[in-house]
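Asks: My questions all concern the structure below.
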Amino acid sequence: MVMAVARAVVSPSQVAYDHYFDAATFALEAQVSADTVAYWLVLTYDEGNIHVPQGSPLTIHLRDRSTLILATDREVGRRDIMLRRWRNRTICYTTCRYPITQEQLSRILAKDAYRFEIQTARGVITRQVRGFKAKLTTALSSISEK
């Protein structure tokens, strides 16, 4: 009996948005198991100490005025939060994983995104994004090479 081994590949991180004190980076993760590929959009927020519960939606607004809604696949835990401390300041980075289908990836690549709406426990954070299609294309090509 031959066991199928799952293999995960992660693209290098890229800037999703950077607006003075609010920023986010993203990476695309692909997990290959037998003949299926599962993708995750992994976003790391530099938005202060935010809490993103499991199932919280990320709404991606596309240029054709349609939207894609992704939801976190698990509760943000201790391993998803990184603190950087200085004498006068502490920065909190929160990482969220959003499962994304190949169809949703294709829609973003066809239309491009211009705005993210991130649902947190305290409300919705709205951020403008630029050049997301090109960055996502780069991420996809980097994981397909591996």
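The values are calculated or read from the model by the stated rules, or taken from the named source; none is laboratory data. These numbers come from a predicted model, not from an experiment. Cβ coordinates were reconstructed from backbone atoms using ideal geometry, including for glycine residues, and neighbour counts include every protein chain displayed. Note: areas computed on protein heavy atoms with side chains; ligands, DNA, RNA excluded. Shrake-Rupley method; radii C 1.70, N 1.55, O 1.52, S 1.80 Å.
Asks: Identify, by number, the condition in (1) in a strand (DSSP E or B); (2) open to solvent by 70 Å² or more (accessible area, probe 1.4 Å); (3) not polar (S, T, N, Q) that R97 doesn't meet.
Replies: Unmet condition: (2).
Asks: Over 23 Å from L105 (Cα atoms) and in contact (Cβ under 8 Å) with a residue 40 or more places away in the chain - does that describe any residue in the stretch 61-71?
Replies: No, the stretch 61-71 contains no residue that is over 23 Å from L105 (Cα atoms) and in contact (Cβ under 8 Å) with a residue 40 or more places away in the chain.
Asks: Yes or no: Y93 in contact (Cβ under 8 Å) with a residue 12 or more places away in the chain and of a type in the set (F, W, Y)?
Replies: For Y93, the condition - in contact (Cβ under 8 Å) with a residue 12 or more places away in the chain and of a type in the set (F, W, Y) - is met.
Asks: Working only within the stretch 58-77, note down all residues that are in a strand (DSSP E or B) and either in contact with a Lys or Arg (Cβ under 7 Å, 6 or more places away or on another chain) or on the phi > 0 side of the Ramachandran plot (or both).
Replies: H61, L62, L68
Asks: Considering each of D46, D22, D35 in turn, give the residue that is of a type in the set (D, E, K, R) and either at pLDDT 90 or above or surrounded by 18 or more Cβ atoms within 10 Å (Cβ to Cβ) (or both).
Replies: Numbers: D22 fails: either at pLDDT 90 or above or surrounded by 18 or more Cβ atoms within 10 Å (Cβ to Cβ) (or both); D35 fails: either at pLDDT 90 or above or surrounded by 18 or more Cβ atoms within 10 Å (Cβ to Cβ) (or both).
Only one candidate qualifies: D46.
Asks: When residues of the stretch 1-19 are filtered for being part of a strand (DSSP E or B), farther than 26 Å from Q102 by Cβ and at pLDDT below 85, how many remain?
Replies: Going through the stretch 1-19 one residue at a time, the tally reaches 0.
Asks: Here is a list of conditions, (1) among the hydrophobic types (A, V, I, L, M, F, W, C); (2) open to solvent by 50 Å² or more (accessible area, probe 1.4 Å); (3) part of a strand (DSSP E or B); (4) within 19 Å of T138 (Cα to Cα), and A110 meets all of them except one; can you say which number that is?
Replies: In the conditions (1) among the hydrophobic types (A, V, I, L, M, F, W, C); (2) open to solvent by 50 Å² or more (accessible area, probe 1.4 Å); (3) part of a strand (DSSP E or B); (4) within 19 Å of T138 (Cα to Cα), A110 misses (3) alone.
Asks: Any residue in the stretch 28-55 that is within 13 Å of I118 (Cα to Cα) and assigned to a strand (DSSP E or B) sitting within a Cβ distance under 7 Å of a residue that is β-branched (V, I, T) and open to solvent by 40 Å² or more (accessible area, probe 1.4 Å)? List the pairs, counting only those 6 or more apart or interchain.
Replies: Partner pairs satisfying both residue conditions: T44/T25.
Asks: Limited to the stretch 79-103, what total is found for residues that are out of contact with any Gly (no Cβ under 7 Å at 6 or more places or on another chain) and closer than 19 Å to Q14 by Cα?
Replies: We begin by selecting, within the stretch 79-103, every residue out of contact with any Gly (no Cβ under 7 Å at 6 or more places or on another chain); these are 79-91, 93-103.
Restricting the remaining residues to those that are closer than 19 Å to Q14 by Cα gives 80-82, 91, 93-100.
Qualifying residue count for the region: 12.
Asks: Filtering the stretch 132-146 down to residues that are in contact with a strand residue (DSSP E or B) (Cβ under 9 Å, 6 or more places away or on another chain), open to solvent by less than 80 Å² (accessible area, probe 1.4 Å) and among the small types (G, A, S), which residue is modelled with the highest pLDDT?
Replies: A139
Asks: If you don't mind, there's one more thing I want to ask. Determine if the stretch 78-94 includes at least one residue that is open to solvent by less than 70 Å² (accessible area, probe 1.4 Å) and not in a strand (DSSP E or B).
Replies: Checked against the condition, which is being open to solvent by less than 70 Å² (accessible area, probe 1.4 Å) and not in a strand (DSSP E or B), the stretch 78-94 yields at least one hit.
Asks: Same structure again: Would you please name the residue that is most open to solvent (accessible area, probe 1.4 Å), looking only at residues in the stretch 113-127 that are more than 16 Å from A16 (Cα to Cα) and under 15 Å from the mean Cα position of the chain (by Cα)?
Replies: Q119
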